[in-house]
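Contents: one structure, followed by commentary.
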Amino acid sequence: MKYTVITGASSGIGYESALAFAARGKNLIIAARRMEELDTLKSKVAEINADLDVVIRTVDLSVTANVYEFYESLRKYQIETWINNAGFGNFASVGEQNLNKIESMLHLNIEALTILSSLYVRDYAQVAGTQIINVSSGGGYLIVADAVTYCATKFYVSAFTEGLAQELKGNGASLQAKVLAPAATETEFAKRALDLDDIQYEGVIPKYHTAKEMAGFMLELYDSDKVVGIVDGETYEFQLKDPIYPYVTRTR
Ligand code: NAP
């Protein structure tokens, strides 16, 4: 049995991507902090295909020790695809940002993603048909005002993942690494970034995709041989691209 791991599957892009991979007949390992939402997702997957296995892990991935424990707890599963989707943003100027929130954001968006990617690469680089998809953002290629620190975390995700993709290709590895870079998407993202109870997208945010549309783009990226799947911030068109950041090989 092969599995697709999705972190941050309790809402938004991760939730819809889990349903999209289930519709493709993929067994799932879904992770986040909220048990109830993951349970609901598991029931929805059973409605799509009752033969699929869905493994739930409730974990706070902003705590380093939990990240290692989470990976170790999955040793017995054969993991075909690993999706590091869990992440959050923050809208504030650098001088005014809440540093407790920022610390968690750095731990989750950067540290957890790096540790999980590294462990997965270590174990699966030579396994045919495997993929790692890291969720960055349009803000991983363009700095957005009042979201400088969040964008910097996503620049990291994009650079790390593009670099990993180049490194794997250069080593002749079977594993493919890819970056998904959404623009505004209707999820819990905005309310978490702004610390609000709720946010209306329709009629307020000029352009955005639904989480279901983003999950469709996730599958397009999964099916392609390209490294980057990015939503154009002007047209909201989804584009599949070769690595965007410059890359040089070292002469030894
Ligand atoms: P979302 O609805 O808020 O989903 C975020 C997911 O991450 C949730 O499942 C959440 O679950 C999980 N998560 C948050 N903190 C966590 C922690 N400490 N440990 C484990 N899981 C945690 O937002 P989304 O838009 O779908 O976000 C998914 C990814 O897309 C993020 O990386 C985000 O940066 C990126 N993105 C979003 C947008 C957008 O406009 N929505 C645009 C560009 C990029 P729990 O709260 O249950 O833990």
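The values are calculated or read from the model by the stated rules, or taken from the named source; none is laboratory data. Keep in mind that what you see is a predicted model, and the values were worked out from it rather than measured. Cβ: placed from backbone, ideal geometry, glycine included. Neighbour counts: every protein chain shown. Heads up: the accessible areas ignore ligands, DNA and RNA and are worked out on the full protein's heavy atoms, side chains in. Shrake-Rupley method; radii C 1.70, N 1.55, O 1.52, S 1.80 Å.
Under 20 Å from the 7 Å Cα→Cβ point of D223, by amide nitrogen: which residues of the range 164-180? Within reach of a label on D223: 176-180.
When I48, I13, I30 are compared by accessible surface with a 1.4 Å probe, the order from highest to lowest is I48, I13, I30. Largest accessible area first, the listed residues R75, R33, R122, R57 line up as R122, R33, R75, R57 when surface is computed with a 1.4 Å probe on the assembled protein chains. Subtracting the Cα-Cα distance of S93 and R33 from their residue separation scaled by 0.36 nm leaves 18.8 nm. When you restrict to C-alpha pairs under 8 Å that are six or more residues apart and normalise by the size of the chain, the relative contact order lands at 18 percent.
When its C-alpha radius of gyration is set against 2.2 N^0.38 Å (N residues), the chain gives a value of 0.96.
Remark: spin-label model distance A152-V127 equals 3.5 nm, labels positioned 7 Å along the Cα→Cβ axis. A simple charge model with +1 on the Cβ of Lys and Arg, -1 on the Cβ of Asp and Glu and nothing else charged puts the dipole of the range 139-201 at about 360 debye relative to its Cα centre. Computed about its Cα centre, the charge dipole of the range 133-252 is approximately 680 debye, with only Lys, Arg, Asp and Glu carrying charge at their Cβ. Between A86, S11, A125, the Cα set farthest toward the positive side of the dipole of the range 1-126 (charges on each charged residue's Cβ, about the Cα centre) is that of A125.
Dipole of the chain computed with +1 at Lys/Arg Cβ and -1 at Asp/Glu Cβ about the Cα centre; of I199, A145, G229, farthest Cα towards the positive end is G229.
Spacing of the modelled spin labels on K191 and V248, each 7 Å from Cα toward Cβ, amounts to 4.8 nm.
In plain terms, the chain from L240 to K44 could stretch by 67.6 nm, reckoned as 0.36 nm per residue minus the Cα-Cα distance.
Largest accessible area first, the listed residues E162, E16, E234 line up as E234, E16, E162 when surface is computed with a 1.4 Å probe on the assembled protein chains.
May I ask what percent, to the nearest 5, of DSSP beta bridges between residues of the chain are antiparallel?
Close to 10 percent.
Expressed in Å, the radius of gyration and Dmax of the Cα atoms of the range 48-121 are 15.2, 52.
Which percent of the accessible heavy-atom area of the range 2-241 goes to carbon and sulfur, probe 1.4 angstrom? Accessible surface attributable to carbon and sulfur in the range 2-241 totals 50 percent. Computed about its Cα centre, the charge dipole of the range 2-241 is approximately 640 debye, with only Lys, Arg, Asp and Glu carrying charge at their Cβ.
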